[in-house]
1. Filter segment B:114-128 down to the residues that are within 14 Å of chain A (Cβ to nearest Cβ) and either under 22 Å from residue B:44 (Cα atoms) or in contact with a helix residue (DSSP H, G or I) (Cβ under 8 Å, 6 or more places away or on another chain) (or both) and list them by number.
2. Consider residue A:277 carefully, then state whether it is more than 12 Å from chain B (Cβ to nearest Cβ), surrounded by fewer than 24 Cβ atoms within 10 Å (Cβ to Cβ), in contact (Cβ under 8 Å) with a residue 12 or more places away in the chain and in contact with a strand residue (DSSP E or B) (Cβ under 8 Å, 6 or more places away or on another chain).
3. Those residues that are in a loop (DSSP other than H, G, I, E, B) and within 14 Å of chain B (Cβ to nearest Cβ), I need them from segment A:4-20; list them, please.
4. Does any residue of segment A:116-129 turn out to be over 26 Å from residue A:33 (Cα atoms), surrounded by 20 or more Cβ atoms within 10 Å (Cβ to Cβ) and touching a strand residue (DSSP E or B) at 6+ places or on another chain (Cβ under 7 Å)?
5. Is there a residue in segment B:13-26 that is more than 23 Å from residue B:212 (Cβ to Cβ) and touching a strand residue (DSSP E or B) at 6+ places or on another chain (Cβ under 7 Å)?
6. Which helices (runs of 4 or more DSSP H) sit wholly inside segment A:286-399 and have at least 1 residues that are modelled with pLDDT under 95 and more than 20 Å from residue A:213 (Cβ to Cβ)?
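The values are calculated or read from the model by the stated rules, or taken from the named source; none is laboratory data. Please read these numbers as outputs of a predicted model, since none were measured by experiment. Cβ coordinates were reconstructed from backbone atoms using ideal geometry, including for glycine residues, and neighbour counts include every protein chain displayed.
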């Protein structure tokens with residue numbers, strides 16, 4: 001067992017989840033990263049450049065917004081952490097800024113990435129443009145169709161978008177192809193993984209880069225309310241990067257409920273779902289041991305979610321550990337519920353969220369019925385991970 | 001003495017190891033292909049256990065895996081097909097695949113079943129050395145199986161020595177930094193092989209990845225003990241209607 005929830009052990013395990021299950025061809029790269037990421041991240045010059053870019057380029061700190069009408073509707077004090085106001089429209093850029101600065105210090109010349117909803121692809125293409133690095137983004141053919149605006153943005157930014165036609169043609173397969181590409185060019189290429197998945201040290205590294213979200217929440221909540229801690233933090237989870245960032249500085253604060261919302265697709269038991277903790281079992285995918293959706297024979301099951309960013313059959317090892325230890329509360333929202341959540345936030349607060357984020361909004365209406373919160377709980381923070389521009393086609397189809 | 005040990009005592013040059021995906025092209029072609037490989041002159045058979053997400057494999061083996069899975073191949077079926085293979089097959093047989101299906105089957109039941117079927121060794125490219133040493137090595141030993149690790153041009157000398165020490169049977173030298181089925185020529189190949197051989201390894205060395213024909217096989221095995229061919233053989237199986245004839249023709253094309 002790890003002493004602290006936020007830190008994996010030296011082999012990259014959170015409890016029984018994590019590790020680095022990679023072919024030998026990737027060993028040198030991953031080992032280089034493992035032995036150097038903490039030192040590089042702690043260098044004063046690195047921190048200075050990272051913090052300056054977060055401030056002046058990304059636009060941090062992002063506001064912690066008191067959602068008055070939403071609060072009145074539900075009877076809690078609901079705060080929205082506005083990651084949707086980050087440059088490029090989602091939290092993903094916190095991590096890509098960090099990783100490109102790291103890649104430069106490792107002497108890498110070329111960046112590859114996978115993307116589902118396209119937000120991580122856009123965030124990666126953006127930092128590559130910023131630093132003049134070659135950028136190749138792998139994206140499932142199905143996602144290319146449903147997230148066309150982000151494909152256009154990546155191209156505008158000079159990235160090469162490679163359509164992935166294997167398997168379910170979504171995020172899982174895009175990740176496979178990115179890893180294969182890394183095997184083929186291990187020396188010059190750095191792989192910027194977009195979520196808290198992959199072999200150690202990726203889950204920890206990405207969580208640390210995203211932890212700025214909860215660091216800011218703590219300070220801002222204190223300023224606004226005088227309270228040290230919220231009663232609950234709510235975030236959507238696919239691989240789990242925005243949730244990892246929003247939970248990070250509350251992981252060892254036992255009184256803060258950490259509520260992770262998975263994509264139930266057409267319904268948890270419909271056969272078309274991406275609710276990994278409810279449907280998954282222990283297994284190995286993309287280099288780490290975690291919970292994943294698979295057959296009895298260990299073949300990965302193709303998930304379903306209306307949201308491309310949550311359409312992933314696994315979950316980061318940190319989250320699997322939060323689930324295993326019951327430190328995290330895992331809920332889910334269906335496609336339909338998240339569409340309703342998106343509409344609700346749009347019309348009560350004038351904020352159109354990304355489809356991924358809409359899952360976190362959607363559970364508000366079920367928290368009482370499910371007795372998730374205690375009577376005395378008042379202050380809820382929702383990580384508003386991204387904005388909905390990319391999802392307008394889907395929203396219009398369902399409006 | 002293990003079958004692999006015996007083989008390398010008898011023959012230490014030009015060992016031909018051929019890979020194919022179990023359940024490809026048809027569900028029940030495992031034994032016919034193995035028999036044809038043996039009679040055609042292959043020295044080792046590497047039987048691939050299909051997986052939905054084979055990270056180290058190129059398009060040819062990915063596709064053969066998808067076909068095999070669609071045909072209904074799983075580990076239960078594979079063990080059913082090979083349970084009596086030693087009545088017909090005398091050359092070493094190695095199972096190659098990814099950790100996840102093996103974990104779901106149960107690592108120990110998997111090793112027990114493999115050993116009982118007459119399987120000689122395992123290649124699990126995504127099994128880390130650390131987890132092997134701390135968790136799985138005693139199980140492998142208990143069932144008398146050889147564990148074969150991969151090394152690549154990026155593997156340091158120190159690590160080659162470590163992986164050689166953890167391996168038995170042979171050491172799998174990946175010919176370049178690539179996934180399987182790549183046709184790219186790696187200019188540093190000779191220096192890489194010389195570096196490996198200078199380390200006085202305890203295991204024989206077989207070269208795999210990117211070998212597709214006789215010329216490639218001869219180049220890869222000029223200094224090493226032998227080579228492994230996978231994708232090119234899968235392609236040959238895809239083209240031929242009669243798997244036995246296609247297998248024999250392919251093996252001849254390499255050996256003659």
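1. Correct list: B:123, B:124, B:125, B:126, B:127.
2. Taking the combined requirement at face value, the residue satisfies it.
3. Result: A:8, A:9, A:10, A:11, A:12, A:16, A:19, A:20.
4. For segment A:116-129, residues over 26 Å from residue A:33 (Cα atoms), surrounded by 20 or more Cβ atoms within 10 Å (Cβ to Cβ) and touching a strand residue (DSSP E or B) at 6+ places or on another chain (Cβ under 7 Å): absent.
5. First, the residues of segment B:13-26 that are more than 23 Å from residue B:212 (Cβ to Cβ): B:26.
Then keep just the ones that are touching a strand residue (DSSP E or B) at 6+ places or on another chain (Cβ under 7 Å); that gives none.
There is no residue in segment B:13-26 that is more than 23 Å from residue B:212 (Cβ to Cβ) and touching a strand residue (DSSP E or B) at 6+ places or on another chain (Cβ under 7 Å).
6. Result: A:392-398.
Yes or no, residue by residue, for (1) within 11 Å of chain A (Cβ to nearest Cβ); (2) under 20 Å from residue B:115 (Cα atoms); (3) at pLDDT 95 or above:
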position	(1), (2), (3)
B:141	no, yes, yes
B:147	no, yes, yes
B:172	yes, no, yes
B:196	no, no, yes
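Table: residues versus (1) crowded, with 16+ Cβ neighbours inside 10 Å; (2) under 24 Å from residue A:29 (Cβ atoms).
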site: B:179; (1), (2): yes, yes
site: B:182; (1), (2): yes, yes
site: B:199; (1), (2): no, yes
site: B:208; (1), (2): yes, yes
site: B:218; (1), (2): no, no
site: B:229; (1), (2): yes, no
site: B:237; (1), (2): yes, no
site: B:246; (1), (2): yes, no
site: B:254; (1), (2): yes, no
